[in-house]
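Data first, discussion second: the structure below is written as structure tokens.
The values are calculated or read from the model by the stated rules, or taken from the named source; none is laboratory data. This structure is a prediction, so every number in the text was calculated from the model and none was measured. With ideal geometry, Cβ positions are generated from the backbone for all residues, glycine too; neighbour counts draw on all protein chains shown. Ligands, DNA and RNA are excluded from the accessible area calculation, which covers all protein heavy atoms including side chains. Shrake-Rupley method; radii C 1.70, N 1.55, O 1.52, S 1.80 Å.
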Amino acid sequence: MDVYIVDLVRQFGKTNAVDHVSFSFGGGQIFGFVGPNGAGKTTTMRILATLDEPTSGDIFVGGRSVTQYPDEVRRLVGFMPDSLPEYRDITVHEYLDFFARAFKIRQPHRRRIVEQVEEFVGLVDFREKTLMQISKGMKQRVSLARAIVHEPEVLVLDEPANGLDPRARIELRELLKALREQGKAILISSHILTELGEMCDGVVFIERGQMLHAGNLSSIINSVDTELVYMIRARDMQPDELQKYLLEVPFVTKTRIIDSEVAISLSGTEDTAVQLFRHLYDRQLPIVEFRQHKTQLEDLFMRITKGNLQ
């Protein structure tokens, strides 16, 4: 199912929290939604989840407008907020059953659906515990289970890995990949950019309410990345000594030390890297590592955004 965000605007007083944002994503895709705090990510997601209304523009989910047909869209979208509301006395199973009832899922189908969702997200052993008794990681699983209990085609996940330990983040990532394989269209915001980059098919960069770039990672990298970066390490040679030597090579434009390696920026093409490697070899420098640094989502984030807040 395809989702189209079309010229979306959301104003709060004189502030444009979302300023003419347009992008799209579809079934079987995970799209990352990336930007500094206050960039407009949550506002956009809440409009997509029919929890807020745009000032102008629209979002279409499977051809249905969120402004004209919110009830229909609500059945197609599962929303996971950045935190689970605190209910002291309700159990995990009761909580999920309540939302299944809210979506008018009748017995015995409701019981079967809730049990399947509990098994899918790994909540079977916690179903009789109250929400106050479970860990942050389990609460995030409950929040995800609530988002998918009505079997939506589109998932909107706002910081789902927030506060999770490394194991829980890995498990969450595998769950999201499984949902993508089921054909779900997934929009996810996260500040853990390394992990986001590993699972996303595309990414949307937003800052101060304005969209900066949108598309698959490779196309954005090609449009933004204009220099080649290589990591070099030498045996029995201090990084600052290697750095000083590399700065004297004509086609090396920038250098910086990262732990035991020197990162260099080259002007030209990959042929320039071949020339540099040959140059180092001819001078018998004890190079033990020479590799191209692939641009990651974190690199793009630092280059594209300025860190401005509204």
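Structure above, values below:
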| item | result |
| --- | --- |
| Complete set of residues in the stretch 47-81 that are among the aromatic types (F, W, Y) and in a loop (DSSP other than H, G, I, E, B) | Y69 |
| Tally of residues being aliphatic (A, V, I, L, M), touching a helix residue (DSSP H, G or I) at 6+ places or on another chain (Cβ under 7 Å) and more than 23 Å from M199 (Cβ to Cβ) across the stretch 107-162 | 5 |
| Cβ pairs under 6 Å, 6+ apart, first in the stretch 28-49 and more than 12 Å from I186 (Cβ to Cβ), second in a loop (DSSP other than H, G, I, E, B) and open to solvent by less than 10 Å² (accessible area, probe 1.4 Å) | G40/G209; K41/G35 |
| Of all residues making up the stretch 67-90, the number that are surrounded by 15 or more Cβ atoms within 10 Å (Cβ to Cβ), of a type in the set (F, W, Y) and closer than 15 Å to V142 by Cα | 1 |
| Single condition T44 does not satisfy, out of (1) closer than 17 Å to G202 by Cβ; (2) part of a strand (DSSP E or B); (3) open to solvent by less than 20 Å² (accessible area, probe 1.4 Å) | (2) |
| Tally of residues being surrounded by 19 or more Cβ atoms within 10 Å (Cβ to Cβ) and either of a type in the set (S, T, N, Q) or at positive phi (or both) across the stretch 24-34 | 1 |
| Residue that is in contact with a His (Cβ under 7 Å, 6 or more places away or on another chain) and under 23 Å from F25 (Cα atoms), where the choices are I188, I220, I192 | I220 |
| Helices (runs of 4 or more DSSP H) wholly inside the stretch 92-206 that include at least 2 residues being loosely packed, with under 15 Cβ neighbours inside 10 Å and either in contact (Cβ under 8 Å) with a residue 60 or more places away in the chain or among the aliphatic types (A, V, I, L, M) (or both) | 166-181 |
| Counted residues, the stretch 11-23 - those being loosely packed, with under 15 Cβ neighbours inside 10 Å and of a type in the set (G, A, S) | 2 |
| Meets criteria (among the polar types (S, T, N, Q), in contact (Cβ under 8 Å) with a residue 60 or more places away in the chain and surrounded by 14 or more Cβ atoms within 10 Å (Cβ to Cβ)) for Q292 | no |
| Selection status of R10, over 25 Å from I148 (Cα atoms), in contact with a Ser or Thr (Cβ under 8 Å, 6 or more places away or on another chain) and among the basic types (K, R) | yes |
| Unmet criterion (only one of (1) of a type in the set (A, V, I, L, M, F, W, C); (2) crowded, with 21+ Cβ neighbours inside 10 Å; (3) closer than 18 Å to S24 by Cα) for F60 | (2) |
| Residue match in the stretch 1-10 (condition: buried (at least 23 other Cβ atoms within 10 Å of the Cβ), in contact with a helix residue (DSSP H, G or I) (Cβ under 9 Å, 6 or more places away or on another chain) and under 24 Å from R303 (Cα atoms)) | no |
| Residue within the stretch 288-298 that is of a type in the set (A, V, I, L, M) and over 30 Å from G38 (Cα atoms) present | yes |
| Top-ranked residue in the stretch 47-57 [being crowded, with 20+ Cβ neighbours inside 10 Å and in contact with a helix residue (DSSP H, G or I) (Cβ under 6 Å, 6 or more places away or on another chain); ranked as farthest from M211 (Cα to Cα)] | T50 |
| Checking A39 against (1) open to solvent by 60 Å² or more (accessible area, probe 1.4 Å); (2) at pLDDT below 95, the condition it does not meet | (1) |
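Residue-wise test of (1) open to solvent by 80 Å² or more (accessible area, probe 1.4 Å); (2) within 30 Å of N37 (Cβ to Cβ); (3) charged (D, E, K, R).
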residue: A234; (1), (2), (3): no, no, no
residue: F251; (1), (2), (3): no, no, no
residue: L266; (1), (2), (3): no, no, no
residue: R283; (1), (2), (3): yes, no, yes
residue: F301; (1), (2), (3): no, yes, no
